[in-house]
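Notes to accompany the following structure.
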Amino acid sequence: MTTALGDECITKKLFADDLGSASKPIDTAYITNIVPPPASAPQGLPSVLNVDDTAIAGQEINMSATGVISTPQINKVGDTLHIVGKVGVGVNPVDPITEDLEVDGNIQVDTSGLGKLVFYDKSAGHEHCEFDGDDDGANGGQAIIKVKEDGGSVQTAMAIRQDRRIDFDRIEFRDLTPGNPILIGQNTDLGPYGQESVGLGENCGTNNSGIRQVSIGFNAGRNNGGSRCVCIGDQTAENNAGNFSVNIGTNAAEAGSGDGAVVIGCNAGRTQADDNCIILNATVSNLDSAGTDRCYIAPLRQNQTNTDDEVVCWDNDGGTFELTHSRLKPGIFQINASPGGSYSASALTKTISIIRWTPGSPGTFIYNLPNTFILNQGQRFIIKSSTTDPTQILEIRPQPGQLIDGSTTPLQLTASARSTAGGGGSCVELVEYSNQWFIIAAYNQTV
């Protein structure tokens with residue numbers, strides 16, 4: 001029997017107790033069939049498999065789509081699989097693998113109830129943050145973000161509920177790049193935006209907003225906003241808000257506002273709000289300005305219900321600081337007098353009272369002045385007795401406890417010449433001041 005086969009040998013049968021040795025292993029063996037087949041599958045990976053540069057340079061483990069890496073104990077509780085180096089996982093991870101772990105394809109985490117993705121600092125011995133998935137409702141889910149407080153525990157920062165409601169433990173927006181605008185809403189990315197401006201709402205401040213402009217609401221401050229202006233409301237100051245202007249309310253200053261204008265209320269200054277104007281509107285109707293440096297307020301409570309020309313009064317003495325409009329300009333009122341009759345004036349009485357007498361009826365007609373406490377300070381009354389009959393007397397009385405020229409004595413007007421004391425005569429003008437009446441003028445009737 002030949003003991004040396006040479007470099008090549010063709011034989012039908014080969015009998016050997018051993019093929020190769022430890023010092024001379026067989027490099028390559030081509031075997032079509034093994035008879036008899038092995039009693040069990042070949043041993044898989046060992047319990048510990050080291051694949052690194054210290055073993056064989058460039059050593060890899062490659063699997064087909066159906067391949068499985070397993071060790072006898074890999075599925076038992078408490079076993080650990082350690083992989084040192086960069087790992088690519090997925091359908092077809094592409095070299096080079098640059099990160100510690102790269103995944104090509106989708107990831108599904110199967111949990112029953114709460115599942116966590118935790119970022120943990122082992123060297124410091126504490127968690128940084130975690131992303132949780134948990135049940136919400138009967139069969140809904142929620143996503144929870146938790147962070148560790150400095151010196152404290154891990155707390156929920158935000159939760160997205162099954163109905164897409166977002167719960168925040170605390171909201172604080174910080175711009176990591178100083179000067180950038182803060183924008184929330186549809187189309188707020190159109191720009192350009194002013195430095196440090198704020199936009200909250202669809203289309204708000206989307207075209208040339210001013211420096212530090214604040215726009216809140218649909219189309220608020222949309223086009224060409226001024227520097228440091230405020231636009232709050234639906235379509236408020238949509239175009240050309242003035243520098244330093246304040247515009248609040250639906251359609252307020254919609255066409256634009258002047259520099260320094262204060263425009264508040266629905267439709268306040270809708271088509272015109274000039275520089276340095278104040279427009280306060282609670283009527284819903286349009287209230288525009290007609291020039292610069294003006295103040296408009298509507299509504300304003302009417303202190304006297306008449307249609308004569310009126311002026312605005314500011315109650316600073318009473319401490320209410322209320323603006324009212326009052327009839328301080330003349331309004332003529334006629335009273336038909338007869339002896340024994342009387343008339344009681346009020347804050348509603350017009351400032352000029354003409355007393356017309358019934359001819360040939362002697363006697364006294366009483367005119368009761370209004371209570372000074374219900375009048376605006378400086379209110380004037382002119383009382384004119386139209387008679388030429390010296391037997392017809394008009395007596396003007398103050399309210400109980402109130403004075404005329406320091407006296408409670410009624411004032412009488414006749415057709416005769418007035419006395420130096422102020423009584424008599426046919427016409428008198430009085431003014432209210434500090435809850436008293438003072439005679440400004442008294443003179444004779446001329447025929």
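Every read-out reported here was derived from the displayed coordinates using simple, explicitly stated rules and does not represent laboratory data. Bear in mind that the values here come from a model prediction, so they are computed numbers and not experimental data. Backbone-built Cβ (ideal geometry, glycine too); neighbour counts: all protein chains shown.
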Under the 7 Å Cα-to-Cβ spin-label approximation, LEU300 and ASN286 lie apart by a distance in nanometres of 2.2 nm
Report the gain in length on full extension from LEU14 to PHE333: 0.36 nm times residue separation, minus Cα-Cα distance, nm rounded to one decimal. 100.5 nm
Ranked packing of 95-105, 219-229, 384-394, most packed first, by mean Cβ within 10 Å: 219-229, 384-394, 95-105
Highest-first arrangement of 240-251, 21-32, where packing means the average Cβ count within 10 Å: 240-251, 21-32
Gain on full stretching of the segment that runs from LEU114 to TYR343 - 0.36 nm per residue minus C-alpha separation: 73.7 nm
Lys and Arg at +1, Asp and Glu at -1: add these up for the other residues within a Cβ distance under 13 Å of VAL263 and post the number. -4
Determine, for TYR433, TYR193, the number of other Cβ atoms within 10 Å of each Cβ, and report the residues in order from fewest to most. TYR433, TYR193
Which loop-located trypsin sites (Lys or Arg not before Pro) does the stretch 112-157 contain, where loop means any DSSP state but H, G, I, E or B and the Cβ has at most 12 other Cβ atoms within 10 Å? LYS122
From the cross-link list LYS122/LYS148; LYS86/LYS148; LYS116/LYS146, the entries with a Cα-Cα span beyond 18 Å are LYS86/LYS148
Using alpha-carbon pairs under 8 Å, 6+ residues apart, how would you state the relative contact order of the stretch 332-443 in percent? 23 percent
What number do you get for the stretch 174-299 when its Cα radius of gyration is normalised by 2.2 N^0.38 Å, N = residues? 0.98
Assigning unit charges at the beta carbon (Lys, Arg +1; Asp, Glu -1) and nothing else, what dipole magnitude in debye, to the nearest 20, does the stretch 115-168 show about its Cα centre? 100 debye
Which of the lysines could be linked to LYS24 by a straight reach, that is with a Cα gap under 25 Å, when you skip same-chain ones fewer than 8 residues away? LYS12, LYS13
